[in-house]
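The values are calculated or read from the model by the stated rules, or taken from the named source; none is laboratory data. Because the structure is a prediction, the values reported are computed rather than measured. We place every Cβ from the backbone using ideal geometry, glycine too, and count neighbours over all the protein chains shown.
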Amino acid sequence: MHTVLFVDDDRILQVALTRRFEAHGFGVVQAGSGQEALQQLTNRVVDVVVSDILMPGMDGFELCRQVRSSPTSQLIPFIFLSNLGDIDDRVRGHLIGADDYLVKPFHAQELIAKLKGAIARSERLQAALEQRLQQAYPTNPAPLPLSSAEMKVFWEVVQGFTNKQIGERLFLSPRTVQTHLSHILTKLKLENRSQLVRFAFEQGYRLPQEP
C-alpha cells in the first residue's frame, strides 16, 4: 500500500480527500501545517506529499524547500494543491521542486491520476538508480567490521529511517539505536548519517534480498 502525506489546514477537505484516497487503496497521513508535515516525515515513511500552500506558520512553499533539502525525503514526489492559480505561483512551485501543481477547485479523479503517476515515476527512478549502482559496483564489497546488531541498524540507516523508526522496527529504544549508530560511525571512520549513506552507495553495499 502506498502512503500519501496530505497537508492542508482545511479540515473538511482533509476528511473528504482522505476518504477518496483510502477508497483508491492509499494509506493517508494528515498534517495541518508545514511544520506538522515535517514532524510526520521524521516519524513515517510516505510515498508522496500533497500540500496546500497558504497555511498557518510554515507555508507549502517552505515545506517543499525543506523536503527537497533533506537527504531522506528529497526524492519523495511532491504535489501542490492550492487556491493560488496564477502562473507566477505555479512557476514558483515548480522551481522550488514540486513535481506537479493542481489548482483548486479540482477533479478528484485528476488528483488520483497525478498521485499514481508521480509514484510510478519515482519507482522507475529508484529502480534505474539501483541498476546503475549494480553496474558500477558489480563485485561484492568487503565485509563490514560490525556486529550483527550493528549491521541491522546499518541497513535501516541506509534506507533512510530515523532513530525512532529504527527502534520501532527492530524493537529497540532510541537510545540503544543511537549507541549502535555511534559505534558504526566510529568503526567506519565516518562523522554522520549522511556520510554513512554515501559510504554504503559508493562502496556498493546493497540490502540483502530476502529469500
**Message:** So if I check each of A113, A98, A142, A120, which one is part of a loop (DSSP other than H, G, I, E, B), surrounded by fewer than 18 Cβ atoms within 10 Å (Cβ to Cβ) and of a type in the set (G, A, S)?
**Reply:** A142
**Prompt:** Within segment 14-35, can you find the residues that are of a type in the set (V, I, T), in contact with a helix residue (DSSP H, G or I) (Cβ under 8 Å, 6 or more places away or on another chain) and surrounded by fewer than 18 Cβ atoms within 10 Å (Cβ to Cβ)?
**Reply:** V28
**Prompt:** Given the residues S73, S69, which is the only one that is surrounded by fewer than 13 Cβ atoms within 10 Å (Cβ to Cβ), out of contact with any Pro (no Cβ under 7 Å at 6 or more places or on another chain), polar (S, T, N, Q) and closer than 23 Å to R198 by Cα?
**Reply:** S69
**Asked** In segment 126-134, is there at least one residue being surrounded by 15 or more Cβ atoms within 10 Å (Cβ to Cβ), at pLDDT below 85 and assigned to a helix (DSSP H, G or I)?
**Response** yes
**Request:** Could you please tell me which pairs satisfy a Cβ distance under 7 Å, a separation of 6+ or placement on different chains, a first residue in segment 153-173 that is free of Cβ contacts under 8 Å to residues at least 24 places away in the same chain and farther than 18 Å from F199 by Cα, and a second residue that is among the small types (G, A, S) and surrounded by fewer than 19 Cβ atoms within 10 Å (Cβ to Cβ)?
**Result:** G167/S173
**Prompt:** Restricting the search to segment 39-73, which residues are in contact with a Leu (Cβ under 9 Å, 6 or more places away or on another chain), of a type in the set (A, V, I, L, M) and closer than 22 Å to L111 by Cα?
**Reply:** L41, V46, V48, V49, V50, I53, L54, M55, L63, V67
**Complete:** Among (1) more than 22 Å from F161 (Cβ to Cβ); (2) in contact with a His (Cβ under 7 Å, 6 or more places away or on another chain), L84 falls short only on (2)
**Request:** Check L54, L95, L81, L75 and return the single one that is under 15 Å from the mean Cα position of the chain (by Cα) and not assigned by TED's automatic domain parsing to the domain that holds R198.
**Result:** L75
**Message:** Which numbered condition in (1) farther than 24 Å from Q40 by Cβ; (2) touching a residue at least 60 places away in the same chain (Cβ under 8 Å) is the only one that A108 fails?
**Reply:** (1)
